[in-house]
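Take a look at the structure below.
The values are calculated or read from the model by the stated rules, or taken from the named source; none is laboratory data. These figures come from a predicted structure and were not determined experimentally. Neighbour counts are summed over all protein chains in view; Cβ atoms, including those assigned to glycine, are modelled from backbone coordinates with ideal geometry. Protein only, heavy atoms only, side chains kept; ligands, DNA and RNA dropped before computing areas. Shrake-Rupley method; radii C 1.70, N 1.55, O 1.52, S 1.80 Å.
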Amino acid sequence: MTIDPSSLGYRPCVGVMLVNADGLVWIGRRAEGRYRQPEGPGSWWQMPQGGIDAGESPEAAALRELREETGIRSATIIAEMAGWQQYDLPEPLVGKVWGGRYRGQRQKWFLARFHGADSEIRITPEDGHEIEFDAWRWAPVTDLLELIVPFKRDVYRAVIADLGPLVKPVAR
């Protein structure tokens, strides 16, 4: 059975561009398994992102997703994109991910400042969530587009254009 993508909506979601004191952005490599395999071959990296729970504000969802995916609690939101970004899943994924309910994601993006130590970062979930990432690193904002799975690049291009100019090292 073929699903008509236009009959499906977009999953409400948030994304976090987390910047450290050196002006680098946190990225995680997508883990093997149900999250990475459908994205196709390659070693894809991305910034933390995830769904908004019923009754949850986008800002609260951003901090929760950051904590769930990275263990990071020492972060403060410093900027928010004015609008929402969205992407469509590639055709082979429609009807297969997120219970087949969505054609893609509609995302609210935030810039957050990390003010903890790298030892705080834990990509192995402690609360029963599936692992999202199998590796992580800090990267220059200029590296992000080449590392993200191709179908999300337009969203990343917009996030980088809007929030990227705010990514700066902390004066010491």
task: For region 120-145, enumerate the residues that are open to solvent by less than 40 Å² (accessible area, probe 1.4 Å) and under 21 Å from Gly51 (Cβ atoms).
output: Ile123, Pro125, Glu132, Phe133
Residue ID - most open to solvent (accessible area, probe 1.4 Å), chosen from residues in region 97-117 that are outside any strand (DSSP E or B), touching a residue at least 12 places away in the same chain (Cβ under 8 Å) and over 26 Å from Lys168 (Cα atoms): Arg101
- request: May I ask you to list the residues in region 50-82 that are touching a Phe, Trp or Tyr at 6+ places or on another chain (Cβ under 7 Å), of a type in the set (A, V, I, L, M) and assigned to a loop (DSSP other than H, G, I, E, B)?
  value: Ile72, Met81
query: What is the one condition in (1) over 17 Å from Ala62 (Cβ atoms); (2) modelled with pLDDT of 95 or more; (3) of a type in the set (Val, Ile, Thr) that Ile148 does not satisfy?
result: (2)
- prompt: In region 63-82, what count of residues is obtained for those that are farther than 18 Å from Thr124 by Cα and in contact with a strand residue (DSSP E or B) (Cβ under 9 Å, 6 or more places away or on another chain)?
  reply: 7
field: Subset tally (residues that are over 14 Å from the mean Cα position of the chain (by Cα) and in contact (Cβ under 8 Å) with a residue 60 or more places away in the chain) for region 59-75
entry: 0
- prompt: What are the residues in region 83-96 that are open to solvent by 30 Å² or more (accessible area, probe 1.4 Å), within 15 Å of Lys152 (Cα to Cα) and not in a helix (DSSP H, G or I), if any?
  reply: Trp84, Gln85, Gln86, Asp88, Pro90
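Residues in region 119-147 that are assigned to a helix (DSSP H, G or I) and either within 25 Å of Ala158 (Cα to Cα) or in contact (Cβ under 8 Å) with a residue 40 or more places away in the chain (or both): how many?
Selection size over region 119-147: 8.
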Among the candidates Ile72, Ile52, residue that is at pLDDT 95 or above and open to solvent by less than 20 Å² (accessible area, probe 1.4 Å): Ile72
- prompt: Can you find a residue in region 146-169 that is on the phi < 0 side of the Ramachandran plot, open to solvent by 30 Å² or more (accessible area, probe 1.4 Å) and in contact with a His (Cβ under 8 Å, 6 or more places away or on another chain)?
  reply: no
